[in-house]
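Peer 1: Quick one: the structure is below, and I'll ask about it shortly.
The values are calculated or read from the model by the stated rules, or taken from the named source; none is laboratory data. Values in this document were obtained by computation on a predicted structure and should not be read as measured data. Note that each Cβ is placed from the backbone with ideal geometry, even for glycine, and that neighbours are counted across all protein chains shown. The area values use the complete protein model at the heavy-atom level, side chains included, leaving out ligands, DNA and RNA. Shrake-Rupley method; radii C 1.70, N 1.55, O 1.52, S 1.80 Å.
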Amino acid sequence: MRRPFVAGNWKMNLDLPAGRALVSELRARITGAPPIDIAVCPTSIYLFPMAKAIADSPIRLGAQNLWHEAHGAFTGEVSAAMVRETGCTYVILGHSERRHTIGPKGADGRVQGETDEMISKKTQAALRAELIPIVCVGETLAERDAGQTEAVLSRQIEGSLAGLDAASSARVVIAYEPVWAIGTGRNATPEQAQDAHRHIRGRLVERFGKAAAEAIRIQYGGSVKPDNALTLMKCPDVDGALVGGASLKAGDFYGILEACIRAKGLG
Ligand code: PEP
């Protein structure tokens, strides 16, 4: 069985005292060794102090991005080795905000964000630095309405994981995050999530073989809350959650951890 994994993407939220307070409350609630993997992903400037805040706890640290080159003239960027040096275990890559929200606008008015090619370079850099990449994929509402969901997911999986072999693919986590569900309060139904996850699993089987594909964890992300987490996490191909808004409150995040544990029959 794949070990479930729930991560909180804090994005550009929570100052340092608030991040420390959240982790301290989480630590108090998580007693013993949890049967799932848990991570928090603060903004990069806080990774070193947050590594201290989670020390000797079951909570692991993730970054929200990295740059694929090892070093050089890349002002403002952070390499995979630098991220690893802070104490990170994970790094989120290709989040939809980086694909569709952050970046210059093209002539058509759309943001020219990260491409699958960039994300594949970052994924390989993360693996070289012994980080576990959380590679985000997901369709926009226009793509879903046009019946293109599966084609988009296939293209993103193929492109973002280009250059990986079966052995390294098993170290990757995929996050299926429909763009229309992120930060909107509108989550995918369990059926929509399971359909997308089954499709992704199928592409992974084609690409890396059954054994590797069965080992890859696929998180669901998009308005996961304590009250919808149980049914989403019960889906057989949903192996946990990438949580944005609800990870900013210890009680809500803990509620999602509990729901995940219960949904998977682990406690
Ligand atoms: C996210 O940003 O990865 C996310 C899933 O956000 P939210 O839970 O707020 O929709």
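Peer 1: From 33, 63, 21, which residue is away from the ligand (no atom under 16 Å from the Cβ) and either farther than 16 Å from residue 247 by Cα or in contact with a Phe, Trp or Tyr (Cβ under 9 Å, 6 or more places away or on another chain) (or both)?
Peer 2: The match here is 33.
Peer 1: Can you name every residue in region 155-177 that is open to solvent by 30 Å² or more (accessible area, probe 1.4 Å) and within 19 Å of the chain's Cα centre (by Cα)?
Peer 2: Passing the criteria: 155, 158, 162, 170, 171.
Peer 1: Please specify each residue of region 83-117 satisfying the condition of being within 22 Å of residue 54 (Cβ to Cβ) and touching a residue at least 12 places away in the same chain (Cβ under 8 Å).
Peer 2: Passing the criteria: 83, 84, 86, 87, 88, 89, 90, 91, 92, 93, 95.
Peer 1: Tell me which residues, restricted to region 74-123, are at positive phi and in contact with a Ser or Thr (Cβ under 7 Å, 6 or more places away or on another chain).
Peer 2: 94
Peer 1: Applying the selection to region 56-113, what residues are farther than 17 Å from residue 133 by Cβ and at pLDDT 95 or above?
Peer 2: Across region 56-113, the qualifying residues are 56, 57, 58, 59, 71, 72, 73, 74, 75, 76.
Peer 1: Tally time: how many residues in region 240-261 are open to solvent by less than 10 Å² (accessible area, probe 1.4 Å) and out of contact with any helix residue (DSSP H, G or I) (no Cβ under 8 Å at 6 or more places or on another chain)?
Peer 2: Final tally of qualifying residues: 2.
Peer 1: Determine which single condition residue 211 fails, assuming it passes every other condition in (1) surrounded by fewer than 19 Cβ atoms within 10 Å (Cβ to Cβ); (2) more than 14 Å from residue 2 (Cβ to Cβ); (3) touching a helix residue (DSSP H, G or I) at 6+ places or on another chain (Cβ under 8 Å); (4) of a type outside the set (S, T, N, Q).
Peer 2: Here residue 211 meets the rest and fails (2).
Peer 1: Something else now. Residue 142: more than 16 Å from the ligand (Cβ to nearest atom) and out of contact with any helix residue (DSSP H, G or I) (no Cβ under 7 Å at 6 or more places or on another chain), yes or no?
Peer 2: Yes.
Peer 1: Within region 100-113, is there a residue that is within 17 Å of the chain's Cα centre (by Cα) and open to solvent by less than 40 Å² (accessible area, probe 1.4 Å)?
Peer 2: No: zero hits.
Peer 1: Out of the helices (runs of 4 or more DSSP H) lying entirely within region 162-228, which hold 3 or more residues that are at positive phi, within 12 Å of the ligand (Cβ to nearest atom) and of a type in the set (Lys, Arg)?
Peer 2: none
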